[in-house]
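Reviewing the structure listed below.
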Amino acid sequence: MTRGRFITLEGMDGAGKTTHLDWLRARLEARGMPLIVTREPGGTPLGEALRQLLLDSHDTRNPETEALLMFAARREHLAQVITPALEAGQWVLCDRFTDATYAYQAGGSGMDWHRVAELERWVQGPLQPDLTLYFDVDPEIGQARTRQVRAPDRFEREQQAFYERVRAAYLRRASEHPHRIKVIDAARPIPEIQITLEKIILTI
Ligand code: TMP
């Protein structure tokens, strides 16, 4: 049994990640790939309950606490969903993963970068996505897009400066992992982005 491929999608709120995820799912399914689509935080009953707490709460909290909750949900997600699917030969398309903890809790909220790396090693061992698509957009454009679609959640209400730091952290991750993380200019028209995505997925 060939192991499945693990693909994660990342990007700031409003980068069009959900639209591209739906399109990618359809493309991969059309190619006959056995596929599951999941998300973080979430993907299991515990993870979805933590997601609710994390996204709906109005409390300000310590970024380390947030990261620990993200990694608790992730541990469960890996054990219950991601690893079994990959071992069964399925492809896993995951809306956000550990790069988001680097971007939001370390970059955005100032948690120590190396602490995130320690948690990553502990929770994931050697497991990394085979491919990460990072949809990059200027935070100002991203926030304006988000506001047109729905009311902002707690994370989205944070300041512009926060999003600038989130973006810088994603770009740092991409420069540290250039083979895994593909930076996609999400300000381009959707059909152009789809051409880029098509080329990328043909290579994995
Ligand atoms: P979503 O809007 O893409 O579903 O993501 C939910 C929010 O959770 C988003 O604002 C980013 C945030 N988040 C973190 O802060 N750290 C993480 O590790 C993950 C996975 C998400």
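Below is a table of values for the structure above.
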{"item": "Residue pairs meeting the criteria (Cβ under 8 Å; at least 6 apart or on separate chains; first farther than 20 Å from Arg167 by Cβ, in segment 180-203; second part of a loop (DSSP other than H, G, I, E, B))", "result": "Ile190/Gly16"}
{"item": "Residue satisfying condition, being outside any helix (DSSP H, G or I), open to solvent by 80 Å² or more (accessible area, probe 1.4 Å) and either within 14 Å of Asp13 (Cα to Cα) or modelled with pLDDT of 95 or more (or both), within set Pro126, Pro178", "result": "Pro126"}
{"item": "Members of segment 93-118 found to be within 10 Å of the ligand (Cβ to nearest atom), open to solvent by 30 Å² or more (accessible area, probe 1.4 Å) and part of a helix (DSSP H, G or I), listed by number", "result": "none"}
{"item": "Filter result (modelled with pLDDT of 95 or more and open to solvent by 70 Å² or more (accessible area, probe 1.4 Å)) within segment 30-51", "result": "Arg39, Pro45, Leu46"}
{"item": "Within segment 82-92, considering residues that are part of a loop (DSSP other than H, G, I, E, B) and open to solvent by 30 Å² or more (accessible area, probe 1.4 Å), the one nearest to Ala26 (Cα to Cα)", "result": "Gln90"}
{"item": "Hey, Gly11 within 13 Å of the ligand (Cβ to nearest atom), farther than 26 Å from Pro139 by Cβ, open to solvent by less than 30 Å² (accessible area, probe 1.4 Å) and modelled with pLDDT of 95 or more or not", "result": "no"}
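The values are calculated or read from the model by the stated rules, or taken from the named source; none is laboratory data. Given the structure is predicted, the values throughout are model-derived calculations rather than measurements. As a convention, Cβ positions derive from the backbone with ideal geometry for all residues, glycine included, and neighbour counts pool all protein chains shown. Each accessible area value is taken on the protein alone, full model and side chains, heavy atoms only, with ligands, DNA and RNA left out. Shrake-Rupley method; radii C 1.70, N 1.55, O 1.52, S 1.80 Å.
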